[in-house]
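Enquirer: Questions regarding the structure given below will be posed in turn.
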Amino acid sequence: MSTEVFVNIVTDDLERSQAFYTALGCTINPDFTDENAACVVWTEQIYFMVLRRDFFATFTEKAVADPRTTAQAIIALSRESRDAVNSTVDAGLAAGGIEPRDPQDYGFMFSRTLEDPDGNILEFLYMDPVASEQGPAAWEAQQG
């Protein structure tokens, strides 16, 4: 059995969040979706549990951060190409997200940051396969 990853994030508007994440190409698993939470399927091993703020609070004794003003986590997801990074972020912008910073291009890696309508931070990146497998120095050596 492979490890599955469930990332719990907070929302103030569950329907809006579902629309946003489906615009990015995700699907919603109805078996684990109700009035309190939506199970957003990113891949067969990666899921976002988008939880209404009051429901999220039942899982912790800590104060629930407001992602519009507090960065608690940055969720980074790889894409298969620079074009895929751009198309994913562009779809998110069209669905109500914002891009809080300029794209980052390190040669061996390209990334763009997207905040969902609640302020949760997503980063989409493409890394050259040589750099991914052998590190940035190997990619730089290959460049001449």
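What follows draws every value from the coordinates through simple rules; no lab data is involved. Keep in mind it's a predicted model, so treat the numbers as computed, not measured. All Cβ positions, even for glycine, are placed from backbone atoms using ideal geometry, and neighbour counts span all protein chains on display.
Enquirer: Seen from all sides and averaged, what is the projected area of the convex hull of the Cα atoms in segment 3-56, in nm²? Don't jump to the answer; show the numbers that get you there.
Expert: Details: hull surface 13.6 nm².
Answer in nm², one decimal: 3.4.
Enquirer: Oh, and also: Per the helix-only calculation at 222 nm, which mean residue ellipticity applies to the chain, given -39500 (n - 2.57) for every DSSP H run of n ≥ 4 and division by its residues, nearest 500 deg cm²/dmol? List each step's numbers first, then the result.
Expert: Details: 5 runs with 41 residues, N = 144.
After summing the helix terms and dividing by residue count, I get -7500 deg cm²/dmol.
Enquirer: Continuing with the same structure: Only Cα pairs under 8 Å and at least 6 apart count here; give the relative contact order of segment 21-144 as a rounded whole percent.
Expert: Values: 183 pairs, mean separation 23.8, N = 124.
19 percent.
Enquirer: Most exposed first by the Cβ proxy, i.e. fewest other Cβ within 10 Å, how do T43, T69, T88, T33 rank?
Expert: Numbers: T43 10, T69 7, T88 19, T33 16.
So the ranking, lowest neighbour count to highest, is T69, T43, T33, T88.
Enquirer: Where is the GNM fluctuation largest for the chain (alpha-carbon springs, 10 angstrom cutoff): P30, P67, P103?
Expert: P30
Enquirer: Taking 25 Å as R0, compute the FRET efficiency from the Cβ-Cβ separation of Q143 and L77 and round it to 0.05. Kindly include the intermediate steps, with their values, before the conclusion.
Expert: Working: r = 26 Å, r/R0 = 1.03.
For Q143 and L77, the calculated efficiency is 0.45.
Enquirer: For the chain, what is the charge dipole size about the Cα centre, in debye to the nearest 20, if Lys and Arg each add +1 at the Cβ and Asp and Glu each add -1 at the Cβ? Display every interim value, and only then the final one.
Expert: Values: 9 positive and 24 negative charges, 38 e Å.
With only Lys, Arg, Asp and Glu charged at Cβ, the dipole is about 180 debye.
Enquirer: Using 0.36 nm per residue of separation minus the Cα-Cα distance, give me the extension gain between K62 and A91 in nm, one decimal. Walk me through the numbers before you get to the answer.
Expert: Values: separation 29, 0.36 × 29 = 10.44 nm, distance 3.34 nm.
Stretched fully, the K62-A91 segment lengthens by 7.1 nm.
Enquirer: As a test, work out the antiparallel percent of DSSP beta bridges whose residues both lie in segment 5-143, rounded to the nearest 5. Could the numbers behind the result be given before it?
Expert: On the way: 18 of 30 bridges.
Once the DSSP bridges in segment 5-143 are tallied, antiparallel ones form about 60 percent.
Enquirer: If you wrap a convex hull around the Cα atoms of segment 24-103, how much volume per residue is inside, in Å³? If you can, show how the numbers build up before the last one.
Expert: Working: hull volume 10.3 nm³, N = 80.
Per residue, the Cα convex hull of segment 24-103 comes to 129 Å³.
Enquirer: Next up: Where the eigenvalues come from the Cα gyration tensor of the chain, what are the semi-axes √(5λ) of the equivalent ellipsoid, largest first, in whole Å?
Expert: On the way: eigenvalues 178, 53, 45 Å².
Listed largest to smallest, the semi-axes of the chain are 30, 16, 15 Å.
Enquirer: Net charge near G107: determine it from the other residues with C-beta under 10 Å of the C-beta of G107, scoring Lys and Arg +1 and Asp and Glu -1. The partial results should precede the final answer.
Expert: Values: positive: none; negative: D105, D128, E140.
Residues near G107 contribute -3 overall.
Enquirer: Using DSSP loop states and a limit of at most 14 other Cβ atoms within 10 Å to flag trypsin sites (Lys or Arg not before Pro), what is the longest stretch of the chain containing no flagged site? Spell out each step's value before the answer.
Expert: Values: sites that count: K62, R68, R101.
The longest such stretch corresponds to 1-61.
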